[in-house]
Structures are given as structure tokens and as C-alpha cells.
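The values are calculated or read from the model by the stated rules, or taken from the named source; none is laboratory data. Everything numeric in this text was worked out from a predicted model, so none of it was measured. Note that each Cβ is placed from the backbone with ideal geometry, even for glycine, and that neighbours are counted across all protein chains shown. The accessibility values were calculated without ligands, DNA or RNA, using every heavy atom of the protein model including side chains. Shrake-Rupley method; radii C 1.70, N 1.55, O 1.52, S 1.80 Å.
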Amino acid sequence: MDIEKVNSMDFGEFVDVFGNVVERCPLIAAAVWSQRPFSDLQDLKQHFYAFIDALPQSGQEGILRCHPDLAGRELQLGTLTAESQREQSGAGLTSLGADERLRLAELNAQYRARFGFPFVLAARLSDRAAVPRELARRLHCPRAQELRTALGEVKKIARLRLADLLGIDPARL
Ligand SMILES: NC(=O)NC1=NC(=O)NC1=O
């Protein structure tokens, strides 16, 4: 998909296509649509990032809270979005042993208890061994730093999802 096609989309089509670039936050795509026309595909991505960066902290934390836990209840219940299901299974999180799943659940609970939002990481850039390691490491970070780190992961997820939707290599975004 090229930038002319993106710029030609009406509101409904744009949100249908890009509404889950940020997990369960179609409002972001709705807001980005009003910024068209985009000069190129990188500019489109930058507008998603700029919206996230411009939010007050409460809004940024709200974005994190829209993310399902890694290897959590939604994965067990099969209620993940298609993108999240692909990302989590791609990281091997659908084939964890009971002890691995329990350890992740415990770490996720500790993380959420400490920060008040869920642990977010770009699962496609990680794997079943790295996820608990990263979670355990980030659990001890200062809150302000951890919020920045988590939003950075949201942007990585968004870039990979955008690249999929546009049919291009993520390195080009
Ligand atoms: N809590 C999370 O990090 N969730 C997720 N990361 C991904 O890459 N996909 C998800 O659903």
C-alpha cells in the first residue's frame, strides 16, 4: 500500500485498517486520520508516535492498560485480538509449560502491583526465554523510566503492525 492510497482513505476505511495499530486504541487512528495528508509512510508512523507522546501521563498509562498480559488470561481464553494472538504465539507464549506460565503470571502480577499498568513488550522481537527475563529486570526500574520504556515498546509494536498493514519491511518505517 502506498501513501497515496493511505491519503485517499475516508475516515471509516482508515480506522478499519489502522484501528488496532495500537492495541485496542482505535481513537489513536481516528485522531491520526485528521492529520492527513501524510508526506510518506514514515510520516504516517510519526503521527502515531506523536499522538502517544503528546498525551498526558494518564492517557499514556491508559494505552498500556489496553494491552493484554503476555501469556495471560486472554491468551488462555482465546479472546486476544488477531494481532496480539499472532505476536504472542510468535514469541512461543502459546506453548509454555505450566511452570513457565505460572512464573510469568506471578511476574506480571508483581509488575502490575508496582506500576499500576501491565508489562508491555514487543513480543515479536522477543521469545519465551527473554520475556520473563525482561519482566524481572524492568520490575525494578524507577516508575518514570519504566513508563518511557513501556511506551517505547508500544511504538515498536505499532511500527511492526503498520509495516504488516502497508505490506512493507519494518526497516522502511
Ligand atoms: N502486554 C503485552 O506486551 N502485550 C503484547 N505485546 C505484543 O507484542 N502483543 C501483545 O499483545
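For the reader, a short list of remarks on this structure follows.
- For first residues located in segment 127-142 and under 11 Å from Gln110 (Cα atoms), partners that are open to solvent by 70 Å² or more (accessible area, probe 1.4 Å) and lie 6+ apart or on another chain with Cβ distances below 7 Å form the pairs Leu139/Gln110; Leu139/Arg114.
- Checked against (1) more than 15 Å from the chain's Cα centre (by Cα); (2) surrounded by 14 or more Cβ atoms within 10 Å (Cβ to Cβ); (3) more than 10 Å from the ligand (Cβ to nearest atom), Asn108 passes all but a single condition, namely (3).
- Odd one out for Glu100, checked against (1) assigned to a helix (DSSP H, G or I); (2) within 11 Å of the ligand (Cβ to nearest atom); (3) open to solvent by less than 70 Å² (accessible area, probe 1.4 Å): (2)
- Taking the conditions (1) surrounded by fewer than 18 Cβ atoms within 10 Å (Cβ to Cβ); (2) within 16 Å of the ligand (Cβ to nearest atom) in turn, Ala54 satisfies each one other than (2).
- Evaluating Ser39 against the criteria (1) more than 8 Å from the ligand (Cβ to nearest atom); (2) part of a helix (DSSP H, G or I) leaves one unmet condition, (2).
- Exactly one residue out of Thr94, Thr81 is within 15 Å of the ligand (Cβ to nearest atom), open to solvent by less than 60 Å² (accessible area, probe 1.4 Å) and of a type in the set (Ser, Thr, Tyr): that is Thr81.
- In segment 24-47, residue surrounded by the most Cβ atoms within 10 Å (Cβ to Cβ) [restricted to those that are among the polar types (S, T, N, Q) and more than 17 Å from Lys156 (Cα to Cα)]: Gln35
- Apart from one condition, Val21 fits all of (1) closer than 14 Å to Ala158 by Cβ; (2) in a helix (DSSP H, G or I); (3) within 15 Å of the ligand (Cβ to nearest atom); (4) of a type in the set (A, V, I, L, M); the exception is (2).
- Segment 128-147: number of residues that are of a type in the set (D, E, K, R) and in contact with a helix residue (DSSP H, G or I) (Cβ under 9 Å, 6 or more places away or on another chain): 4
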